[in-house]
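Below is one structure, written out as structure tokens, with a few remarks after it.
The values are calculated or read from the model by the stated rules, or taken from the named source; none is laboratory data. It should be emphasised that the depicted structure is a prediction, and the values quoted were computed from it without experimental measurement. A quick note on method: Cβ atoms are made from the backbone with ideal geometry, for glycine too, and the neighbour counts reach across all protein chains shown. The protein model used for the area step is the full one, side chains on, heavy atoms only, and it has no ligands, DNA or RNA in it. Shrake-Rupley method; radii C 1.70, N 1.55, O 1.52, S 1.80 Å.
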Amino acid sequence: MVRHIAACAAALAALAASPVASADNWPSRPVTILVNGGPGSLPDLFARPLAERLHHALGQPVVVENKPGAGGMLAMQQLKSAPADGHTLALVTNAHLVWNPYIFPALTYDPARDLQPVSPLAVIPMALTVNDKLQAKSLDQLLALARQKPGRLNYASSGNGSPPHVLFEMLREQAGVDIMHVPFKTGTGALNSVLAGDTEIYFAGTALVEPMVKEGRLRVLAMSETVPDAAFGKAPTLAASHFTGFEGAVWLGVAARAGTPDAIVQRLNEEIGRAQQDGALKQMYASHGSLPYHLAAAAFAQRVAAERDTSGPVLRKLGIKPD
């Protein structure tokens, strides 16, 4: 009996000590960052410079593994199945951590239960643009036109459940207008359709539409947030037009497996914050039309939870489904 009690006590002590020990020794092998996108995709372009800087900071290789497909489910499922030891991470967006449970009926992971927010990386400003031949010169005029011709106007997106689709549906719901959705397989396909006049409206990242805005082929009616770019500087924000929930609406971040020791999450968060101060990294962010964005891990988790509370009922009501 004495030996049994002693063995149990030793096991409990080892169990209690294991997260601290793993945090002290972390990372003890290469770290993998899973990316829902192929080489050269926007998430990949953020992940690789970050991996390089984390490699120097952590003293272990940091490898980017591309896992595109299924709205991020392949990457998130692999993260869910990984040990909760901080050696497997994923580049995530609010789609992965907030929207997907309301869009994919057979989601293979629960973001609230299976994933741990570590740090945001960047906000992707969104521009509400229209074909330059459309009569509307402002958001108010666009909405007035939509009310005059319900179901006659249409907007393009890069696919069902994509940020341009989700965000425009949320805007359409708030405005109470009937505008038809035309999904494409890629952002480029959606953009080309608006330029050709086959569709009329596109709510897209500034980096994608900036050249056409400068050429006058697209007109900007509103922005998700103010950006330091003359091409978009005169357009009002959606918040200024009394539409809520769009500032910082598209973001990139890093997540770990739920249960990862707090000390590892904190270390990762701090190292990501330091990497974001690098001048070359800031230039890279700007070249992709993004704004650096950092929060403490706890604050990031709070933001994610708050977005679930606010976006969930709207997305459930809209009934958006994947392609």
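The table for this structure:
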read-out	value
From VAL177, VAL130, VAL118, residue being over 26 Å from TRP251 (Cβ atoms), open to solvent by less than 40 Å² (accessible area, probe 1.4 Å) and of a type in the set (A, V, I, L, M)	VAL177
Residue match in the stretch 191-200 (condition: under 21 Å from the mean Cα position of the chain (by Cα) and in a helix (DSSP H, G or I))	yes
Which listed residue is at pLDDT below 95 and either in the same structural domain as LEU195 (by the TED database) or under 14 Å from the mean Cα position of the chain (by Cα) (or both), from PRO68, PRO117, PRO105, PRO164	PRO164
GLU169 being in a helix (DSSP H, G or I) and either of a type in the set (D, E, K, R) or out of contact with any Gly (no Cβ under 6 Å at 6 or more places or on another chain) (or both)	yes
Failed item in (1) outside any strand (DSSP E or B); (2) β-branched (Val, Ile, Thr); (3) surrounded by fewer than 23 Cβ atoms within 10 Å (Cβ to Cβ), with VAL182 passing the rest	(1)
Residues of the stretch 46-77 satisfying the condition of being in contact with a strand residue (DSSP E or B) (Cβ under 7 Å, 6 or more places away or on another chain) and of a type in the set (S, T, N, Q)	GLN60, ASN66
Residue count for the stretch 282-323, restricted to those that are of a type in the set (Gly, Ala, Ser) and closer than 23 Å to GLN266 by Cβ	7
Residue pairs meeting the criteria (Cβ under 6 Å; at least 6 apart or on separate chains; first under 16 Å from GLU307 (Cβ atoms) and free of Cβ contacts under 8 Å to residues at least 60 places away in the same chain, in the stretch 225-249; second open to solvent by less than 20 Å² (accessible area, probe 1.4 Å) and not polar (S, T, N, Q))	GLU247/GLU225
Number of positions in the stretch 16-34 that are at pLDDT 75 or above and touching a Pro at 6+ places or on another chain (Cβ under 6 Å)	1
Test: residue in the stretch 46-53 that is within 16 Å of PRO27 (Cβ to Cβ), touching a helix residue (DSSP H, G or I) at 6+ places or on another chain (Cβ under 7 Å) and not hydrophobic (A, V, I, L, M, F, W, C)	yes
Count - residues of the stretch 56-78 that are under 23 Å from LEU291 (Cα atoms) and either without any contact (Cβ under 8 Å) to a residue 24 or more places away in the chain or not in a helix (DSSP H, G or I) (or both)	1
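Okay, residues lined up against (1) within 21 Å of ILE124 (Cβ to Cβ); (2) open to solvent by 30 Å² or more (accessible area, probe 1.4 Å); (3) within 18 Å of the chain's Cα centre (by Cα); (4) at pLDDT 95 or above:
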{"site": "VAL63", "(1), (2), (3), (4)": "no, yes, no, yes"}
{"site": "GLY72", "(1), (2), (3), (4)": "yes, no, yes, no"}
{"site": "THR88", "(1), (2), (3), (4)": "no, no, no, yes"}
{"site": "LEU91", "(1), (2), (3), (4)": "yes, no, yes, yes"}
